[in-house]
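Everything below concerns the one structure shown next.
The values are calculated or read from the model by the stated rules, or taken from the named source; none is laboratory data. Computed from a prediction, not measured in an experiment: that's the story for all the values here. Here the Cβ is made from the backbone with ideal geometry for all residues, glycine too, and neighbour counts use every protein chain on show. Ligands, DNA and RNA are excluded from the accessible area calculation, which covers all protein heavy atoms including side chains. Shrake-Rupley method; radii C 1.70, N 1.55, O 1.52, S 1.80 Å.
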Amino acid sequence: MTQSSYARITVPCTSANIGPGFDVLGLALSLYLTVEVTVYPSDLESDLVRITYEGDGEENMTLDPEVNLVTKTAIYVLSCFDKTFPARMSIHINNPIPLGRGLGSSGSAIVAGVALANFVGNLNLSKDRQLDFILQIESHPDNVVAALMGGFVAGYLRNPAPSLTKEPPVGVGSYVRLGWAQEIKAIAIIPQFELSTELARKVLPQEYVKSDVIHNLQRLAILTTALGQSPPNAETIYEAMQDKLHQPYRKHLIPGLPEIISTITPSSHPGLVGICLSGAGPTMLALATHNFDKIAADAQAIFARQPDGGIDTIVKLLDIVEDGCQCVVDPVEPKL
Ligand code: HSE
């Protein structure tokens, strides 16, 4: 190669589950992980892969390409094609997605890593094929499908938890895009503590009682259509977002969760259509058409009055975004 090449990869953050859709539903939101990559001519004097990072968790973020989730993912995908990183390249990661808060930061990093490999390795993987790699690494389809494809999605895996093979089989999972009423926006109420997904999954039971499963299935079926209807029916959506499969078991990890869900309702807060834990938490996701400030302030107040000094939160009002991961290749070398 005699010329540099440059690409800018953007991946939205996501919210998963949306109440009853545990490990099924995902929503792409308007806060983006960005990875800028420049590949330099390999005939320059020395080989160097330079990684820089800014954003959430900057102080402790590893820049070791074998450990950083974006580059580690890219290295794995490249290895499936007997390729490695180009000898001389720079990668700059800008990540405003809060880590460990239930907004899909890991999923977005994995999606970016696959797109990075696709660019630097000239792999020409379609998005469906990228999804196969992504689902091999991250076995919950909800966050990653939304991050890759955008919008409001439902996904499944054909075979649970596929092992990391050299090259994954085609069609590891599948997904559909669901309708979304344009007037519904997402308010993320984000506690200032991290919760590992691993811990939030360990507290879930191995088996469920039939009535709880039926409770979720009935609501899930309605929710997937109700969120696409305009104008939205707040009472229907609020009830359809009630969950019995994960939120009740996670409530002790997120003090304030039951009170937020039971007291912030469409009748107490006009404009609200539904409220739930975002992914594995601890962020709470309120869906609303208006009255965003009041809904957010009251949820923050509930967190603030929890025992032992309360829980600090920040709020982000986010749009639901149609586009998932984008990789824009720029023929002009950017100034470094
Ligand atoms: N559906 C997942 C969970 C989201 O709630 O555990 C995090 O991957």
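Examine the range 218-233 for a residue that is under 26 Å from GLU322 (Cα atoms), at pLDDT below 95 and in contact with a helix residue (DSSP H, G or I) (Cβ under 6 Å, 6 or more places away or on another chain), and state whether such a residue exists.
Among the residues of the range 218-233, not one is under 26 Å from GLU322 (Cα atoms), at pLDDT below 95 and in contact with a helix residue (DSSP H, G or I) (Cβ under 6 Å, 6 or more places away or on another chain), which makes the answer no.
When you go through (1) more than 16 Å from the ligand (Cβ to nearest atom); (2) open to solvent by less than 10 Å² (accessible area, probe 1.4 Å); (3) out of contact with any strand residue (DSSP E or B) (no Cβ under 6 Å at 6 or more places or on another chain) one by one for THR62, which number turns out not to apply?
Of (1) more than 16 Å from the ligand (Cβ to nearest atom); (2) open to solvent by less than 10 Å² (accessible area, probe 1.4 Å); (3) out of contact with any strand residue (DSSP E or B) (no Cβ under 6 Å at 6 or more places or on another chain), only one is false for THR62: (2).
Could you list, in sequence order, the residues of the range 279-309 that are open to solvent by 40 Å² or more (accessible area, probe 1.4 Å), within 23 Å of ALA200 (Cβ to Cβ) and hydrophobic (A, V, I, L, M, F, W, C)?
Scanning the range 279-309 gives a single hit, ALA304.
For the range 185-192, indicate whether the set of residues that are in contact (Cβ under 8 Å) with a residue 24 or more places away in the chain, open to solvent by 50 Å² or more (accessible area, probe 1.4 Å), more than 16 Å from the ligand (Cβ to nearest atom) and basic (Lys, Arg) is non-empty.
yes
Please specify each residue of the range 287-305 satisfying the condition of being closer than 18 Å to GLY256 by Cα and touching a helix residue (DSSP H, G or I) at 6+ places or on another chain (Cβ under 6 Å).
Selection gives ALA299, ILE302.
With the checklist (1) of a type in the set (S, T, N, Q); (2) within 16 Å of the ligand (Cβ to nearest atom); (3) more than 17 Å from the chain's Cα centre (by Cα) in hand, flag the one item SER196 doesn't pass.
(3)
Can you name every one of the helices (runs of 4 or more DSSP H) wholly within the range 214-296 that holds 1 or more residues which are under 16 Å from VAL315 (Cα atoms)?
257-263
So which residues in the range 68-86 are outside any helix (DSSP H, G or I) and either among the hydroxyl-bearing types (Ser, Thr, Tyr) or open to solvent by less than 40 Å² (accessible area, probe 1.4 Å) (or both)?
Those that are outside any helix (DSSP H, G or I) and either among the hydroxyl-bearing types (Ser, Thr, Tyr) or open to solvent by less than 40 Å² (accessible area, probe 1.4 Å) (or both): ASN68, THR84, PHE85, PRO86.
Going by the structure shown, is LEU131 touching a Leu at 6+ places or on another chain (Cβ under 7 Å), outside any strand (DSSP E or B) and not β-branched (Val, Ile, Thr)?
yes
Considering every residue within the range 76-83, establish whether at least one is within 16 Å of the ligand (Cβ to nearest atom) and closer than 17 Å to LEU123 by Cβ.
There is no residue in the range 76-83 that is within 16 Å of the ligand (Cβ to nearest atom) and closer than 17 Å to LEU123 by Cβ.
Which of the following residues is within 16 Å of the ligand (Cβ to nearest atom), within 19 Å of VAL328 (Cβ to Cβ) and touching a residue at least 60 places away in the same chain (Cβ under 8 Å): VAL11, VAL24?
Result of the check over VAL11, VAL24: VAL11.
Residues that are open to solvent by less than 70 Å² (accessible area, probe 1.4 Å), over 30 Å from ASN233 (Cβ atoms) and out of contact with any strand residue (DSSP E or B) (no Cβ under 6 Å at 6 or more places or on another chain): does the range 326-333 have at least one?
no
If we keep just the residues of the range 153-167 that are without any contact (Cβ under 8 Å) to a residue 60 or more places away in the chain and open to solvent by less than 50 Å² (accessible area, probe 1.4 Å), which is nearest to ALA296 (Cα to Cα)?
LEU157
Cβ contacts < 8 Å: first residue within 18 Å of PRO191 (Cβ to Cβ), restricted to the range 281-310; second residue open to solvent by less than 60 Å² (accessible area, probe 1.4 Å) and of a type in the set (Ser, Thr, Tyr), any location; separation 6+ or different chain. Result?
THR283/SER15; MET284/SER278; LEU285/SER15; LEU285/SER278; ALA299/THR313; GLN300/THR313; PHE303/THR313; ALA304/THR313
Return yes or no: is ASN233 among the polar types (S, T, N, Q), in contact (Cβ under 8 Å) with a residue 60 or more places away in the chain and out of contact with any strand residue (DSSP E or B) (no Cβ under 7 Å at 6 or more places or on another chain)?
Judged against the criteria, ASN233 is not a match.
Given the options GLY150, GLY121, GLY102, name the one that is open to solvent by less than 10 Å² (accessible area, probe 1.4 Å), on the phi > 0 side of the Ramachandran plot and modelled with pLDDT of 95 or more.
Criteria check complete, one pass: GLY150.
For the list (1) more than 22 Å from THR224 (Cβ to Cβ); (2) free of Cβ contacts under 8 Å to residues at least 60 places away in the same chain; (3) within 14 Å of the ligand (Cβ to nearest atom), I need the number of the one condition that ARG129 fails.
(3)
Quick check on this structure: which one of SER42, SER90 is among the hydroxyl-bearing types (Ser, Thr, Tyr) and either touching a Leu at 6+ places or on another chain (Cβ under 6 Å) or open to solvent by 20 Å² or more (accessible area, probe 1.4 Å) (or both)?
So the residue among SER42, SER90 that is among the hydroxyl-bearing types (Ser, Thr, Tyr) and either touching a Leu at 6+ places or on another chain (Cβ under 6 Å) or open to solvent by 20 Å² or more (accessible area, probe 1.4 Å) (or both) is SER42.
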